[in-house]
Amino acid sequence: MALKLKKNDKVIVLSGKDRGKIGKILRFSDNKSRVVIEGVNIVKKHMKKRSENSPSGIQEIPAPLHISNVALFCPLCKKAVRVGVKVLENKDKIRICKKCGGQL
């Protein structure tokens, strides 16, 4: 399965409690079927002090979302879009928006 999302892409959440929120992909997890998005799906986790620098107590961290619940956000359309791939003359591949045709 070829993923059309990459780290640091701007995505919009399509379903769940954070529907409509926009954030940046921080990392992929669980064999690339889940993504962690900055500022989305925040959960409280009880953390034990591991070293001098790490604090203990209740911390809020972003939890992973399934990749089917997010879509790439096009800055030109200002909407959730599907992604296409265009091959240039010099054999380079670029990602394009299926709605407006702009480069992502």
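The values are calculated or read from the model by the stated rules, or taken from the named source; none is laboratory data. In this text the structure is predicted, and so the values were computed from the model without any measurement. Cβ atoms come from the backbone with ideal geometry, glycine included; neighbour counts cover every protein chain shown.
The set of residues from region 1-43 being polar (S, T, N, Q), in contact (Cβ under 8 Å) with a residue 12 or more places away in the chain and either surrounded by fewer than 17 Cβ atoms within 10 Å (Cβ to Cβ) or farther than 20 Å from GLN59 by Cα (or both) comprises ASN8, SER15, SER29, SER33. Here CYS77 meets the list (1) assigned to a strand (DSSP E or B); (2) of a type in the set (A, V, I, L, M, F, W, C); (3) under 14 Å from LEU104 (Cα atoms) almost entirely, failing just condition (1).
Based on what the data block shows, is SER51 among the hydroxyl-bearing types (Ser, Thr, Tyr), assigned to a loop (DSSP other than H, G, I, E, B), out of contact with any helix residue (DSSP H, G or I) (no Cβ under 8 Å at 6 or more places or on another chain) and loosely packed, with under 13 Cβ neighbours inside 10 Å? Considered against the rule, which asks whether it is among the hydroxyl-bearing types (Ser, Thr, Tyr), assigned to a loop (DSSP other than H, G, I, E, B), out of contact with any helix residue (DSSP H, G or I) (no Cβ under 8 Å at 6 or more places or on another chain) and loosely packed, with under 13 Cβ neighbours inside 10 Å, SER51 comes out as yes. I want to confirm something. Restricting to region 56-66 and keeping residues that are on the phi < 0 side of the Ramachandran plot and part of a strand (DSSP E or B), which single residue is surrounded by the most Cβ atoms within 10 Å (Cβ to Cβ)? My answer is LEU65. If the condition is being in contact with a Leu (Cβ under 8 Å, 6 or more places away or on another chain), in a loop (DSSP other than H, G, I, E, B) and under 13 Å from HIS66 (Cα atoms), then region 3-17 contributes LEU5, GLY16. Checked against the criterion of being within 14 Å of LEU104 (Cα to Cα) and either at pLDDT below 95 or of a type in the set (Asp, Glu) (or both), region 25-48 has no qualifying residue. Considering (1) under 13 Å from the mean Cα position of the chain (by Cα); (2) loosely packed, with under 12 Cβ neighbours inside 10 Å, the lone condition that ASN69 does not fulfil carries the number (2). Pairs linking a residue in region 54-80 that is under 20 Å from ASP18 (Cβ atoms) to a residue that is assigned to a strand (DSSP E or B) and among the hydroxyl-bearing types (Ser, Thr, Tyr), with Cβ atoms under 9 Å and 6 or more positions apart or on different chains, are PRO64/SER29. Checking each residue in region 86-104 for being surrounded by 11 or more Cβ atoms within 10 Å (Cβ to Cβ), more than 19 Å from the chain's Cα centre (by Cα) and at pLDDT 90 or above picks out only LYS86. Restricting region 1-51 to residues that are among the charged types (D, E, K, R) and in contact with a Lys or Arg (Cβ under 8 Å, 6 or more places away or on another chain) leaves a set whose member that is farthest from PHE73 (Cα to Cα) is ARG27.
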